[in-house]
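Following: one structure in structure tokens, then a few remarks.
Each value in this text was obtained by applying a stated rule to the coordinates, not by laboratory testing. Quick caveat, the model's predicted, so the values are computed rather than measured. Quick reminder, even Gly has a Cβ in these numbers, built from the backbone with ideal geometry, and neighbours come from all protein chains shown.
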Amino acid sequence: MTQYFAHPSAIVDENCEIGEGTKIWHFSHIMSGCTIGLHCNIGQNVVVSPKVVLGNNVKVQNNVSIYTGVICEDDVFLGPSMVFTNVINPRSAIIRKDEYRKTVVRKGASIGANATIVCGNEIGQYAMIGAGAVITKEVPAYALVYGNPARQNGWVSEYGHKLVFDNEGIAVCPESGMKYQLTENKVFRVE
């Protein structure tokens, strides 16, 4: 018995792992050999390629292609029409399927609409990538980055609010009340 929903226009190939409560919308293609976790939402016109891994509660907005080599941990948000790559120097006439580079998007990270993630980079947990950003290097946990090429412009909380640190390097999220520590250019949540 199918425990997920797929719109009649969606194509779901055999040998996919799709978690309970996941919804797959219009004109999307879920390819053989991928893994999609529990309670994900796959928007319309999305492609999930072989060997892609999506954790639980991943939200994929419309017009996103997730290519082989991409791993998204739990609670990741992929904005409309954002782009992943998986080969650093693609050429039409040269087959480079054995050169796919791994891209990891850590738990809770958000990638804005029309952003481009150059393959081989890691997006840290709860990082916030602005709309239209071009990511060409690693993004630290809790970092706020935007622009082309993307540059860091502060830090965000797990709720997505920009953090303002005091003289002791402590910031409080205005929505959740959670505290964060900035030490040696790294942010950690204080329990």
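Things to note:
- Kirkwood hydrodynamic radius of the chain, Cα pairs, Å: 17.2 Å
- Whether region 72-118 is rounded, prolate or oblate, judged on the alpha carbon gyration tensor where a/c under 1.5 counts as rounded: oblate
- For peptides 128-141, 102-115, sequence by mean Cβ density within 10 Å, most packed first: 102-115, 128-141
- Placing unit charges on the Cβ atoms only, positive for Lys and Arg and negative for Asp and Glu, gives region 1-147 a dipole magnitude near 380 debye about its Cα centre.
- Ignoring lysines fewer than eight residues from residue 97 along the same chain, the ones with Cα atoms less than 28 angstrom from its Cα are 51, 59, 107, 137.
- Highest GNM mean-square fluctuation among 40, 72, 16, for the chain modelled with Cα contacts below 10 Å: 16.
- Rh (Kirkwood; distinct C-alpha pairs) - region 1-78, Å: 11.7 Å
- Each Cα pair under 8 Å and six or more residues apart adds its separation to the average, and for the chain the resulting relative contact order is 10 percent.
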